[in-house]
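The structure appears below as structure tokens.
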Amino acid sequence: MARNIQSLERAAAMLRLLAGGERRLGLSDIASSLGLAKGTAHGILRTLQQEGFVEQDDASGRYQLGAELLRLGTTYLDVHELRARALVWTDDLARSSGESVYLGVLHQQGVLIVHHVFRPDDSRQVLEIGAMQPLHSTALGKVLSAYDPVAHSEALEADRKAFTDRTVCDLDAFEHILDLTRARGYAADVEETWEGVASVAAPIHDRRRMPVGAVGIAGAVERLRRDGELRPELIAAVRDCARAVSRDLGAGRF
């Protein structure tokens, strides 16, 4: 069995201690409460302070939780709320389209799948929650890159790898695709990431009208296309789902 890292355990205990009370705590209070030497406690606090997880009051010298923890907590709550609001609508989209539905958010220069609804048939499928998808080639990634400035920057900085001979790697061509995505309100991936697979995705906005994720369907090219074009009813269904989730998040009409 792998051993726990003592310094991380102590840092976690320190954060829990600071979260447990309404007042700021001094170095002596923290050290005695956790059974640590003052030098050890001060070293951990200094590291947490440098990372923004702890702040020190200039006047009293006491410590409290920092803004970085609030930011991380808000991100968790945003994703949790996004999933909760999307559950019913993504189930409906899977039923109406007959395809797998994915909900993705920006994470570490890629798209993190935070919700996945299986294609409503008896085929064997693998749950892909927690999987990562590229920003530049997938429909989910293109939507995030088109609407989220941070995702856009990360897509430009990332290595735009060619997964198939259809993958768009050239910067100018990629920017043109993002312009097209914004103009029509959805993005597509036709065998740009996986041979034989196509996908369509649309953006989800929150109450501040900020992009917080994307929802899309993916399936075999022959099912998603008709006469060489993506089926318009599937595009409409994806966009309707994205608008419905956005409304539930307080975004109003789009």
**Request:** Between A162 and M132, take the C-beta separation as r, use R0 = 25 Å, and let me know the FRET efficiency to the nearest 0.05.
**Result:** 0.90
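If you keep only loop residues by DSSP, which GluC sites (Glu not before Pro) in segment 138-213 have at most 12 other Cβ atoms within 10 Å of their Cβ? Provide the component values of the computation, followed by the final result.
Details: sites: E154, E157, E175, E191, E192, E195; in loops: E191, E192, E195.
Passing both the DSSP loop test and the Cβ count: E195.
For D57 and R124 in the same chain, what is the full-extension length gain: residue separation times 0.36 nm, less their Cα-Cα distance, in nm? Each step should come with its number before you reach the end.
Working: separation 67, 0.36 × 67 = 24.12 nm, distance 5.68 nm.
Value of the extension gain: 18.4 nm.
In square nanometres and to one decimal, what's the mean projected area of the convex hull around the Cα atoms of segment 4-153? Display every interim value, and only then the final one.
Numbers: hull surface 51.7 nm².
Mean projected area for segment 4-153: 12.9 nm², to one decimal.
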**Message:** Using the Karplus curve 6.51 cos²θ - 1.76 cosθ + 1.60 with θ = phi - 60°, what ³J(HN,Hα) values do you get for each residue of segment 5-10, in whole Hz, with x for Gly and Pro?
**Reply:** 8, 4, 5, 5, 4, 5
**Message:** Could you give me D for segment 106-254, from Stokes-Einstein at 25 °C and 0.890 mPa s, where the hydrodynamic radius is the Kirkwood radius over C-alpha pairs? Units µm² s⁻¹, please.
**Reply:** 158
**Request:** Choose one answer from A173, A198, A151: the residue with the largest mean-square fluctuation in a GNM of the chain with alpha-carbon springs under 10 Å.
**Result:** A173
**Request:** Quick one: accessible surface of F118, probe radius 1.4 Å, all protein chains present, in square angstrom to the nearest 10.
**Result:** 90
**Fill in**
So the carbon and sulfur contribution to the accessible area of segment 107-183, 1.4 Å probe, in percent, is 51
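With every protein chain present, what is the per residue accessible area of segment 129-226 (1.4 Å probe, Å²)? Let's see the in-between values first.
On the way: 4370 Å² over 98 residues.
Per residue, segment 129-226 has 45 Å² of solvent-accessible surface.
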**Fill in**
Rounded to the nearest 10 Å², the accessible area of T167 using a 1.4 Å probe with every protein chain kept is 20
**Prompt:** How large is ³J(HN,Hα), in whole Hz, for each residue of segment 230-242 in order, when computed from phi with the Karplus curve 6.51 cos²θ - 1.76 cosθ + 1.60 and θ = phi - 60°, using x for Gly and Pro?
**Reply:** 4, 5, x, 5, 6, 4, 4, 5, 5, 5, 5, 5, 4
**Request:** Calculate the dipole size of segment 27-166 relative to its Cα centre from +1 charges on Lys and Arg beta carbons and -1 charges on Asp and Glu beta carbons; express the result in debye to the nearest 20.
**Result:** 200
**Request:** Report the one residue of F174, I129, G39 whose Cα lies farthest in the direction of the positive end of the charge dipole of the chain (charges on C-beta: Lys and Arg +1, Asp and Glu -1; origin at the Cα centre).
**Result:** G39
**Message:** Could you compute the net charge surrounding M14? Neighbours are other residues with a C-beta less than 14 Å from the C-beta of M14; K and R count +1, D and E count -1.
**Reply:** +2
**P(r), alpha carbons of the chain - 5 Å bins starting at zero, rounded %** = 1, 6, 12, 15, 14, 11, 9, 8, 8, 7, 5, 3, 1, 0, 0
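At 222 nm, what helix-only mean residue ellipticity would the chain give, in deg cm²/dmol to the nearest 500, using -39500 (n - 2.57) for each DSSP H run of four or more? Intermediate results must be reported in sequence, preceding the final value.
On the way: 9 runs with 119 residues, N = 254.
-15000 deg cm²/dmol, from helical runs alone.
Note down the net charge around L135, summing +1 for each Lys or Arg and -1 for each Asp or Glu among other residues with Cβ under 14 Å from its Cβ. Don't skip to the end; give the middle numbers.
Numbers: positive: K142, R160, K161; negative: D148, E154, E157, D159, E175, D189, E192.
Net of charged neighbours comes to -4.
The values are calculated or read from the model by the stated rules, or taken from the named source; none is laboratory data. Worth saying up front: this structure is predicted, and the values here are computed from it rather than measured. Reconstructed Cβ throughout: ideal geometry from the backbone, glycine too, with neighbour counts over all protein chains shown. To get the accessible areas, we keep the full protein, side chains included, count just its heavy atoms, and leave off ligands, DNA and RNA. Shrake-Rupley method; radii C 1.70, N 1.55, O 1.52, S 1.80 Å.
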